[in-house]
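What follows is a set of notes on a single structure, which appears directly below.
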Amino acid sequence: MPYAEAAPMPESGASAGADAVPAGSPVIEIRGLHKAYGALEVLKGVDMTAPRGHVVSLIGSSGSGKSTLLRCANLLEDSQQGEILFEGEPVRWKGEGQARRPADRAQMIRIRTNLSMVFQQFNLWAHMTVLQNVVEAPVTVLGHDRDEAEARGRALLDKVGIGDKAEAWPAQLSGGQQQRAAIARALAMEPRALLFDEPTSALDPELQQEVVRVIKDLAAEERTMLLVTHDMRLAADVSDHVFFLHQGKVEEEGPPDRIFGAPETERLQKFLSHSQ
């Protein structure tokens with residue numbers, strides 16, 4: 001059974017607003033997605049849905065295609081076959097196979113703007129203060145008033161627990177603090193969904209917990225999140241639904257209590273036994 005049924009598609013070129021997408025309707029939907037790098041096929045017909053207000057986790061061993069799927073969903077990577085829909089609106093493509101690209105640049109930018117990505121390596125701008133990192137995109141991309149953006153930026157830094165670091169430089173922060181600054185920067189764009197690519201894997205265990213707490217707080221707010229993680233406890237605690245990828249395919253999916261408590265496939269059972 002599919003995790004969630006697709007919402008009715010808007011007219012071509014239309015973009016559904018947040019209020020037009022009821023809770024539980026897909027923010028991101030992927031159908032039959034294929035992605036290859038030359039002869040190496042990384043995704044082999046993946047179906048995945050991230051409904052509004054839900055946390056969806058992608059788990060699997062290294063090389064299973066988790067991060068590639070996340071980057072394809074955000075249009076940071078081009079796929080060769082299949083559909084990607086944002087709030088029911090299909091991405092328009094031109095070309096075929098390795099030559100396939102988004103056909104509408106304005107649509108691509110709008111979708112990326114509404115899907116904020118938090119990367120494994122933070123990707124903060126070293127020449128800007130923490131507050132400037134949070135404020136820059138809302139001002140330059142969304143056209144927000146700088147004073148208002150700074151006030152909101154400070155509130156977001158308080159939200160993630162580093163309000164006292166607003167004027168610091170990224171190099172003066174610990175890894176956990178840098179990742180929390182990256183989360184505040186993502187939130188500042190007021191996205192429809194947050195995409196996390198292994199947000200704790202570059203941190204030592206103590207610093208990981210700082211970031212985990214923030215992610216759990218965001219999950220409690222019923223934000224739409226798509227989370228690639230190697231942290232099975234985090235996935236079990238925050239997810240509404242979990243997809244297990246193996247060699248570029250969805251091997252198993254379901255609610256976290258079943259995925260982690262009663263896995264059905266031998267591959268998932270073996271993966272979880274090695275992840276403990």
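The values are calculated or read from the model by the stated rules, or taken from the named source; none is laboratory data. Note that the structure is predicted; figures quoted are calculated from it, not measured. Here the Cβ is made from the backbone with ideal geometry for all residues, glycine too, and neighbour counts use every protein chain on show. Keep in mind that these areas ignore ligands, DNA and RNA; they rest on the heavy atoms of the full protein, side chains included. Shrake-Rupley method; radii C 1.70, N 1.55, O 1.52, S 1.80 Å.
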- Mind listing whichever residues of segment 185-206 are open to solvent by less than 10 Å² (accessible area, probe 1.4 Å), modelled with pLDDT of 95 or more and within 14 Å of the chain's Cα centre (by Cα)? 186, 187, 193, 194, 195, 196
- Just one listed residue, out of 13, 24, 65, is over 27 Å from residue 221 (Cα atoms) and at pLDDT below 95, and it is 13
- Query: Any residue in segment 141-153 that is without any contact (Cβ under 8 Å) to a residue 24 or more places away in the chain and either within 25 Å of residue 69 (Cα to Cα) or of a type in the set (Lys, Arg) (or both)?
  - Reply: yes
- Task: Quick one: in segment 64-95, of everything that is in contact (Cβ under 8 Å) with a residue 12 or more places away in the chain and open to solvent by 60 Å² or more (accessible area, probe 1.4 Å), which residue is farthest from residue 194 (Cα to Cα)?
- Result: 81
- Note on the structure: Per the filter on segment 256-276, residues of a type outside the set (S, T, N, Q), open to solvent by 60 Å² or more (accessible area, probe 1.4 Å) and not in a helix (DSSP H, G or I) are 264
- Query: Which of the residues spanning segment 102-145 are more than 19 Å from the chain's Cα centre (by Cα), open to solvent by 60 Å² or more (accessible area, probe 1.4 Å) and of a type in the set (S, T, N, Q)?
  - Reply: 132, 140
- Pairs where the first residue, in segment 217-229, is under 14 Å from residue 73 (Cα atoms) and the second is among the small types (Gly, Ala, Ser) and part of a helix (DSSP H, G or I), C-beta under 8 Å, 6+ apart: 225/219; 226/73; 227/235; 228/67
